[in-house]
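**Q** Let me give you the structure first, and then I'll get to my questions.
The values are calculated or read from the model by the stated rules, or taken from the named source; none is laboratory data. These numbers were taken from a predicted model, which means no experiment stands behind them. All Cβ positions, glycine included, derive from the backbone under ideal geometry; neighbour counts span all protein chains shown.
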Amino acid sequence: MRLILEQIRTGGDRNFAYLVGDRDAGAAAIVDPSFDPAAVVERATAQGLTVSYVVNTHGHADHTNGNDEARRLTGAPLAAFARNAGRRLGDGDVLEVGSLRLRALHTPGHADDHLVLIEPDERFALTGDLLFVGKVGGTAGRAAARTEWESLHRLLDAAGDDVTIWPGHDYGCRPASTIGMERRTNPFLRCADFEAFHDLKERWPAFKARHGLR
């Protein structure tokens, strides 16, 4: 198996889409096609890949607004947590793309339907809007923040420090990271408990300004 993992800038709010696949099998999946699905499909076509699935990490419009066009161009079904998906992904389900096995981890908080996709052999995770480089996803209120805190720690327990993370937006100082790097440097993951995490969320604009973050 020869891994394909392409991170593609699609506009919007610094959105990333992904083309992941197995070159030997000639199979790929498009993840979060967002604002420029044609660009992602073009990368698959140029490499002679058949797109098996269009996948969503969660149902927010800035990630899903390219679904219909991506499906029209490829004929591939939608794979997502959503009930109306052609291939519904629940917690622990595995999506096979050639020899790739993308394991779905249900990680609500930022969105109730949020999934992280982990490939345990190739050691990467598509983290959507749960975990960014140096940041975490926004939440609406204390209860959602607690749910996100729990989801983040589920991810940290499920993925080793060597696992690379590929987020849904280019919000950090680099486009990708590792679980280990984020444990050491992400201010949200360095919080000792939920109260510290929630407090940081509440004062995040001031924190960003003080530290010169985007």
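**Q** Which of the residues spanning the stretch 155-182 are farther than 12 Å from residue 134 by Cα, surrounded by fewer than 16 Cβ atoms within 10 Å (Cβ to Cβ) and touching a residue at least 40 places away in the same chain (Cβ under 8 Å)?
**A** none
**Q** Another one. So residue 83 ticks every box in (1) touching a residue at least 24 places away in the same chain (Cβ under 8 Å); (2) farther than 19 Å from residue 127 by Cβ; (3) not small (Gly, Ala, Ser) but one. Which box is left unticked?
**A** Against the list (1) touching a residue at least 24 places away in the same chain (Cβ under 8 Å); (2) farther than 19 Å from residue 127 by Cβ; (3) not small (Gly, Ala, Ser), residue 83 comes up short only on (1).
**Q** Report whether or not residue 50 is touching a residue at least 24 places away in the same chain (Cβ under 8 Å), touching a Gly at 6+ places or on another chain (Cβ under 9 Å) and closer than 20 Å to residue 175 by Cβ.
**A** No; evaluated as a whole, the condition is false for this residue.
**Q** Taking the criterion of being surrounded by 22 or more Cβ atoms within 10 Å (Cβ to Cβ), in a helix (DSSP H, G or I) and touching a Pro at 6+ places or on another chain (Cβ under 7 Å), would at least one residue in the stretch 29-50 satisfy it?
**A** Looking for residues that are surrounded by 22 or more Cβ atoms within 10 Å (Cβ to Cβ), in a helix (DSSP H, G or I) and touching a Pro at 6+ places or on another chain (Cβ under 7 Å), one finds at least one in the stretch 29-50, hence yes.
**Q** Then there is this: Just to be sure, is residue 117 crowded, with 22+ Cβ neighbours inside 10 Å, aliphatic (A, V, I, L, M) and not in a strand (DSSP E or B)?
**A** no
**Q** Scan the stretch 183-192 and give yes if some residue there is among the hydrophobic types (A, V, I, L, M, F, W, C), part of a helix (DSSP H, G or I) and without any contact (Cβ under 8 Å) to a residue 60 or more places away in the chain, otherwise no.
**A** no
**Q** Let me ask something additional. On the basis of being of a type outside the set (A, V, I, L, M, F, W, C), over 26 Å from residue 146 (Cα atoms), surrounded by 19 or more Cβ atoms within 10 Å (Cβ to Cβ) and touching an Asp or Glu at 6+ places or on another chain (Cβ under 6 Å), does residue 21 make the cut?
**A** Judged against the criteria, residue 21 is not a match.
**Q** I'd like the full set of residues that are buried (at least 19 other Cβ atoms within 10 Å of the Cβ) and either at pLDDT below 95 or assigned to a loop (DSSP other than H, G, I, E, B) (or both), limited to the stretch 71-102.
**A** Across the stretch 71-102, the qualifying residues are 76, 81, 85, 89, 98.
**Q** Does the stretch 121-159 hold any residues that are out of contact with any strand residue (DSSP E or B) (no Cβ under 9 Å at 6 or more places or on another chain) and in a loop (DSSP other than H, G, I, E, B), and which are they?
**A** The answer is 138, 139, 140, 141.
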